[in-house]
1. How high is the relative contact order of segment 3-187? Use alpha-carbon pairs under 8 Å, at least six apart in sequence, and give a whole percent.
2. Output the pairs from Lys40/Lys183; Lys107/Lys155; Lys107/Lys147; Lys40/Lys107; Lys3/Lys183 with a Cα-Cα distance over 32 Å in this structure; if there are none, say none.
3. Kindly provide the Kirkwood hydrodynamic radius of segment 1-52 in Å, to one decimal, from all pairs of distinct alpha carbon atoms.
4. Residue-wise, which Karplus ³J(HN,Hα) couplings in Hz belong to segment 5-11, taking 6.51 cos²θ - 1.76 cosθ + 1.60, θ = phi - 60°, and x for glycine or proline?
5. To the nearest 0.05, what FRET efficiency results for Glu11 and Ala31 with a Förster distance of 35 Å applied to their C-beta separation?
6. State the Cα centre-to-centre distance between segment 65-81 and segment 136-184 in whole Å.
7. Quick one: 3J(HN,Hα) in Hz for segment 93-109, Karplus 6.51/-1.76/1.60 with θ = phi - 60°, rounded, Gly and Pro as x.
8. ³J(HN,Hα) across segment 67-73 via Karplus (A = 6.51, B = -1.76, C = 1.60, θ = phi - 60°), whole Hz, x for Gly/Pro?
Amino acid sequence: MGKSFEALLPEHEAFIEKQHIFFVGSAPLSAEGHVNLSPKGHDVLRILSANEVAYLDLTGSGNETSAHLEENGRITLMFTAVEGPPMILRLYGKGQVVLPGTPEWEKLSPRFTLLPGARQIIVVQVHEVKTSCGYSVPFYTYEGERKTLQNWATKQGEQGLNDYWQAKNVTSMDGLLTTLGQKLSTDTV
């Protein structure tokens, strides 16, 4: 059944690269805070090493993961086979948000196709890799990526995206400041 590893093995990397969707989980420290679980599509994940992965984070209606990483750093990425042999793979680690205009962004962004609406890169230092059976996960067939977000972001333009981020992405639903929120608050001081 389930097995635990200190780092990604080549077969884990091959499994991850075949997946068209993954899920990101994070939570605040407060017991009253909201646990966040976000699906991620498109070709946005990169394996940087056996203990480090990164994904290009696109604009969303919230920015919970960023706020949780600022508060406590905890993050889990989950991949599940919906085609082929069953398996679930989880990456447990500490995350960091990398914003455009920083040296870290300049170093990492060339590894990605920068899609319209790209807001930040989440880098995860993986301390545990865990696999489990996935026997109860149903089969699904991949049909393609939705272009809705990219079309929306292109229509907004740079100023429209900045306005949207200011309105929707500076704090979490529990009132925690995001990395973007911290940057925007220091830029206006």
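Any read-out appearing in this document is the output of simple, stated calculations on the displayed coordinates, not a laboratory observation. Treat the numbers as computed from the prediction; the structure is a model and nothing was measured. Cβ placement follows ideal geometry from the backbone for every residue including glycine, while neighbour counts extend to all protein chains displayed.
1. Relative contact order for segment 3-187 comes out at 26 percent.
2. Lys3/Lys183
3. So the Kirkwood estimate lands at 13.4 Å.
4. 9, 7, 7, 5, 8, x, 5
5. 0.40
6. Their Cα centres are 16 Å away from one another.
7. x, 10, x, 9, 9, 10, 9, x, x, 9, x, 5, 4, 4, 6, 8, 4
8. Coupling constants for segment 67-73: 4, 5, 5, 4, 6, 9, x Hz.
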